[in-house]
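In what follows, a single structure is set out as structure tokens and then discussed.
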Amino acid sequence: MQLTWTACRLAAGLLTLATANAELKPGAPFPDLTTFKLEGKLPESLKGKVVLVDFWASWCGPCVESFPAMDELQKKYGPQGLVILAINVDEKKADMEDFLKTHPVSFTIVRDAAQKLVDKVEVGTMPSSFLLDTEGKVRFAHSGFHGDKTKKQYAQEIESLLAK
């Protein structure tokens, strides 16, 4: 496997993971997605929704495992107000498209081709996710995906935010 600049940058970010998301502590507003040139169609409105923003890449092993879990969460909690937005960071669009052919999902996928959003939130590992409340503020952050443990955490956190 050839390491891309992005992969190297993300690997280096693991060393500073403890401080990488300093800007996005719980309570901090998530950046306005419409100000970034993301490829793909964002949901019409995220206002009043609980949003799980997930950063992923086609070369990310744990992302393969996280996609079915997130798809299940979207189907279960979507009718109650959950929106899952997965932001791809692959340098080549074809890599993302190939991944999605073998891992189709029902949630929204966009691509941060210019790497502006991923740089802004200082993502240190793949996947990384941020769970936002109905006001667009970060309430929970996850680094990596650890199977059922992470899926259960997502469900508990989503339920707590939907109950408010």
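Readers should treat all values here as calculations from the given coordinates under stated rules, not as data from a laboratory. Since the model is a prediction, treat every value here as computed from it, not as a measurement. Every residue, glycine among them, receives a Cβ derived from its backbone with ideal geometry; neighbour counts consider all protein chains shown.
How far is the Cα center of the stretch 49-70 from the Cα center of the stretch 144-164, in Å? After rounding, the separation between the Cα centres reads 13 Å. For the chain, a simple Cβ point-charge model (Lys and Arg +1, Asp and Glu -1, everything else neutral) yields a dipole of about 260 debye relative to the Cα centre. Taking the C-alpha atoms only, the angle from helix 148-162 to the longest principal axis of the chain is near 40 degrees.
As a calculated quantity, the FRET efficiency between residue 93 and residue 72 at R0 = 41 Å, using C-beta atoms, amounts to about 0.95. One entry in [x] 9, 34, 33, 15, 5, 2, 1, 0; [y] 10, 43, 39, 8, 0; [z] 11, 41, 37, 11, 1 is P(r) over Cα pairs in 10 Å bins from 0, in percent calculated from the shown coordinates; its label is [y]. Pairs of Lys residues in the stretch 33-85 are counted when their Cα atoms are under 20 angstrom apart and they lie 8 or more places apart or on different chains; the count is 7. Between the helical axis of 61-77 and the longest alpha-carbon principal axis of the chain there is an angle of about 20 degrees. Would you mind getting me the FRET efficiency between residue 35 and residue 137? Use the beta-carbon distance for r and R0 = 25 Å, nearest 0.05. Computed FRET efficiency for residue 35 and residue 137: 0.90.
With springs only between Cα atoms under 10 Å apart, run a GNM on the chain and tell me which of 132, 52, 38 wobbles the most. Maximum among the listed residues: 38. For the stretch 74-138, the relative contact order comes to 31 percent (Cα pairs under 8 Å, sequence separation of at least 6). For the stretch 66-130, the square roots of the Cα gyration tensor eigenvalues, ordered a ≥ b ≥ c, give a/c of at least 1.5 with a/b no greater than b/c, which places it in the oblate category. Summing Lys, Arg as +1 and Asp, Glu as -1, what charge do residues with Cβ under 14 Å from the Cβ of residue 79 carry, residue 79 excluded? Summing Lys and Arg as +1 and Asp and Glu as -1 gives +1.
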